[in-house]
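Structure first, commentary second.
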Amino acid sequence: MKYLIIILSTVLVNNVIFSQFLGICPFLGTSKKTSTALGMGAAVIFVLTLATLVTWLTNRYILMPLGLDKFLQTIAFILIIAALVQMVEIILKKISPSLYTALGVFLPLITTNCAVLGVSLTVVTKEFSFVEGQAAQLLSLGESIVYAVGIALGFALALIIFAGVREHIDLMEPPKGMKGTPIALITAGILALAFMGFTGIV
């Protein structure tokens, strides 16, 4: 039940795009086509989950015992995420060239996605209490992974919905002054208001 609450809260209630405003650049840049949004969403789910696992273990068993978690945490996480993205890119290129080609430019773009770093820092620094009456405590490894998967699913859901709406808007031929970024920002604002309707579910 606890894991279900985490998933619902991260995907719908505290969506990383519409509530936490993380990952806005790739959200706006890769949402012009649904196919592009699907590729980016899948890549983010994979990398965000893997990055959260590695950064959690690094923080708990290397940085904290040495007393470096307050000083080197952000720098270490950035280096880990960049290295992971490069490693995944190399492995996919050798093991599954078709999947590597399908993801294309999306894997390198994840390195600059602030949602990945934001989630990695959140799960090791924030205290959570997902079950009513439970004392707030740092997330365990299992809860951190579920939290990361939920955040990534929320990112992918927001991206795919937004891409679908943008495709329909392009077919309707909006006024010249509203084309491109202006209508995209207005649409994103309306979607954020719609997601506010999930507040209070969990």
Test item: Cα-centred dipole of the chain, Lys/Arg +1 and Asp/Glu -1 on Cβ, debye: 320 debye
Helix axis angle, 114-125 relative to the chain longest principal axis, alpha carbon, degrees: 30 degrees
Label-point separation in nm, residue 201 to residue 112, each point 7 Å along Cα→Cβ: 3.2 nm
Candidate values (i) 30, 23, 14; (ii) 47, 18, 12; (iii) 29, 18, 16, label of the one derived for semi-axes √(5λ) of the Cα gyration tensor in Å: (i)
Relative contact order (percent, whole number), the chain, Cα cutoff 8 Å, 6+ residue spacing: 43 percent
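Here is the link list: 32/176; 93/126; 70/93. Which ones come out longer than 29 Å on Cα distance?
Table pairs above 29 Å Cα-Cα are 93/126; 70/93.
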Theoretical FRET efficiency, 1/(1+(r/R0)^6), r = Cβ-Cβ of residue 98 and residue 21, R0 30 Å, to 0.05: 0.30
Region 1-96, relative contact order [Cα under 8 Å, separation at least 6], %: 15 percent
Protection-proxy order for peptides 108-121, 18-31, 56-69, each taking the mean of Cβ atoms within 10 Å per residue, highest first: 108-121, 18-31, 56-69
Cα centroid of region 1-53 to Cα centroid of region 73-126, whole Å: 14 Å
Computed [θ] at 222 nm, deg cm²/dmol, the chain (DSSP H ≥ 4; -39,500 (n - 2.57); rounded to nearest 500): -21500 deg cm²/dmol
Pair residue 54, residue 4: separation of 7 Å Cα→Cβ label points (nm): 3.4 nm
Tilt relative to the chain, helix 141-172 - C-alpha long axis, 0 to 90 degrees, to 10: 10 degrees
Ordering of 33-40, 91-98 by burial proxy (mean other Cβ atoms within 10 Å per residue, highest first): 33-40, 91-98
Amide H within-cut-off set for residue 23, under 5 Å, with H built and near neighbours excluded: 114, 115
Positive dipole terminus of region 7-105, leading residue within 48, 100, 13 (C-beta point charges): 100
Trypsin sites (Lys or Arg not before Pro) within region 146-199, DSSP loop, no more than 15 other Cβ atoms inside 10 Å: 179
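No value in this document is a laboratory result; all are computed from the given coordinates. What you see is a predicted model; the values in this text were computed from it and never measured. No Cβ is skipped: glycine too gets one built from the backbone with ideal geometry, and neighbour counts run over all protein chains shown.
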